[in-house]
Every structure is written in C-alpha cells, then in structure tokens.
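Bear in mind these aren't lab numbers, they're just calculated from the coordinates by the rules spelled out. It should be emphasised that the depicted structure is a prediction, and the values quoted were computed from it without experimental measurement. Here the Cβ is made from the backbone with ideal geometry for all residues, glycine too, and neighbour counts use every protein chain on show.
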C-alpha cells in the first residue's frame with residue numbers, strides 16, 4: 001500500500017538536504033582554510049615574481065608550482081589585504097607551513113637582500129660561476145659542484161649522456177635577482193625553472209616533429225649561439241648546419257673546438273681541429289655530445305625553425321656579417337675575397353671529401 005507523503009515529511013527531507021549541504025560546505029571551507037593558514041610542502045620552493053605581475057598572475061604561478069591549492073582564495077586574500085598591485089619583482093622562498101598572508105607579505109616586501117646578476121646568452125657554466133662570484137655571491141664558489149642532474153626534478157634532465165658538464169645548455173641566460181643567502185643548488189634550480197618556463201609545449205611539439213630530443217635542440221641552439229650574434233642570421237646558420245647533417249657532412253664548427261680547448265682562439269690551427277673529443281665536430285659527425293654554452297630563446301627558436309636554404313658553407317666577411325655559399329668553390333672564393341685563406345672558420349677546412 002502506498003503511503004501518501006505528508007507536508008511534514010517533505011519538510012524533514014528539505015532540512016536533511018540543507019544540513020548535508022551545510023556540512024559539505026563546512027568541510028570544504030575547513031580544507032580550504034587549512035591550506036590558507038599553512039601550505040603543505042615537502043621542501044622549500046623558490047618563486048620569482050616578474051616585473052608588473054598582478055595578483056592573478058602570481059596566484060596562477062604559485063598554483064602551477066604546487067605552492068598553493070586555491071588560487072581564488074589567494075586572490076581574495078590579496079584583495080582584502082590590499083596587496084594587489086604591490087607585488088615586487090624578485091625571488092622569495094616559500095617554506096612548509098607558510099600562510100597565504102605570509103606569502104603575500106614576502107611577495108610585496110621591497111626590501112630584500114638580493115643581488116642582481118646578468119647572465120648573457122652564450123655563457124658557459126664556468127662563466128656563470130665566475131659571474132656569481134664577481135657579484136659577491138658566495139654560491140659562485142660551489143656552483144660547478146651543484147651541476148648534478150640528479151639533484152633536480154625536471155623531465156628534460158632525464159637520461160642525459162655522460163659529458164663534460166651535464167647541465168650545460170639548461171642554465172637559462174637572464175637577469176636574476178638572487179638572494180644573498182642562496183646556495184649554489186638553489187641558484188641552479190632557479191635557472192632550470194627559467195629554462196622550463198621558456199621551453200614551452202609548442203617547442204616540445206616542434207622538437208618531436210623534427211624527430212629531435214630536447215637535448216638535441218639545445219645542443220644545436222648552443223652551436224648557433226656561438227657562431228653568430230646576428231638576429232638576421234641565426235635561422236640561416238641553423239639551415240646550413242641541418243643541410244650538412246642531412247648530407248652526411250661534418251658540421252665543422254670552430255665553436256665546438258673552442259669549447260674543447262676552454263678558450264676562444266680567434267683562429268684555430270689544423271692541430272686544434274684534430275683533437276679527439278666528442279665535442280669536436282671536425283672529427284665526429286652529427287651534433288656534439290652536448291651543448292657548448294647556454295643559448296638564449298632566439299637561438300632555440302632558430303634551432304627549431306631553421307631557414308630553408310641551399311647554402312652548405314659560411315664564413316665571416318670583413319664587415320662582420322657572414323657570407324653563405326652553396327658550393328665549396330664559392331666558399332673558397334668568399335674566403336679569399338675576405339683574406340680568410342689562412343684561418344680555420346666554421347667551414348674553412350670543409351671540402352667535398354667531408355661528405356663521409
């Protein structure tokens with residue numbers, strides 16, 4: 001027999017539903033406030049605020065780095081606490097248990113004990129270490145010892161081959177405001193974060209299209225970085241190098257030999273080009289075993305998007321620009337016209353016999 005539901009019964013159901021909603025809301029509020037009152041981190045996280053960043057950008061950055069769980073709550077506290085538009089560019093370290101308000105205080109404090117260090121495109125790791133020391137940062141002395149990939153959790157550092165400096169190429173060149181208290185590993189991590197932020201998903205997809213690993217791309221970019229500083233030439237230099245690789249010709253880049261030598265000799269000797277090293281592209285075919293410097297984004301783009309060219313050679317002209325040639329004969333003529341017959345340029349000892 002069906003029992004007719006009374007108004008009182010409906011009222012009880014409504015009360016129960018409201019109670020459930022209230023309980024769920026209370027539980028959710030408690031969870032949200034727990035994170036707001038103290039974030040949960042397994043280790044300290046360094047974050048960098050860019051010039052002009054607002055509350056939304058900062059909240060999203062903290063969420064992406066796994067520092068906070070509720071960006072909307074963070075933005076609300078920023079607004080209620082009058083922190084909006086007060087964020088100062090620079091770096092802070094967030095530790096386990098810091099509240100959203102404590103993080104906001106740190107992010108909006110202008111007086112930070114930091115040192116500004118400029119790392120130019122094309123610097124090698126040892127040059128970066130020297131720059132840190134010259135800036136008065138104690139971490140400079142330990143910088144080279146901190147270049148162990150196993151210390152850092154980034155996918156692009158997995159399975160790197162054994163080589164001179166495994167992290168060469170990934171210490172992204174930029175202007176950094178570094179806290180004086182930072183250890184060498186914290187500075188390295190900061191640079192790796194910058195690389196990770198720069199090497200976007202678009203770049204990863206493009207590398208896959210080229211059938212290249214990220215390490216291949218950065219290695220090519222580093223060679224381009226050392227071969228030219230001209231915005232208009234980078235993609236064409238990349239095109240020449242890809243042409244040579246695809247034609248089974250050696251790259252014959254002087255920059256790779258200079259990396260082996262540890263000095264930038266203006267003119268290499270024939271003996272220099274014969275040094276047995278996996279970085280020496282006069283001796284070994286294909287790319288060197290790893291990057292020879294830390295390239296900037298322009299050279300990374302050139303490596304990913306080379307110019308289509310029929311040139312296989314290039315040399316430096318008297319005016320400082322490169323002359324690109326399709327044939328070895330044209331290349332020799334260009335060198336003679338620019339008094340480069342006695343120099344060993346990136347393709348100076350190249351000849352048709354190098355197609356092997």
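Here the simple spin-label model places points 7 Å from the Cα toward Cβ, and for residue 269 and residue 109 these points are separated by 5.7 nm.
Each label point was placed 7 Å from the Cα along the Cα-to-Cβ direction; for residue 40 and residue 211 their separation is 4.7 nm. Residues 107, 41, 80 in ascending order of nearby Cβ atoms (within 10 Å, fewest first): 80, 41, 107. Rounded to the nearest 0.05, what FRET efficiency do residue 162 and residue 318 have when you use their Cβ-Cβ distance and R0 = 45 Å? Computed FRET efficiency for residue 162 and residue 318: 0.60.
Sorted fewest first by neighbouring Cβ atoms within 10 angstrom, 282, 100 come out as 282, 100. The order of 316, 167, 76, going from fewest to most other C-beta atoms within 10 Å of their C-beta, is 76, 316, 167. Projected label points at residue 337 and residue 130, each 7 Å from Cα along the beta carbon direction, are separated by 3.7 nanometres.
Put the Cα centre of the stretch 36-88 next to the Cα centre of the stretch 96-157 and the gap is 20 Å.
Maximal additional length on extending the residue 96-residue 180 stretch stands at 28.1 nm, based on 0.36 nm per residue less the C-alpha distance.
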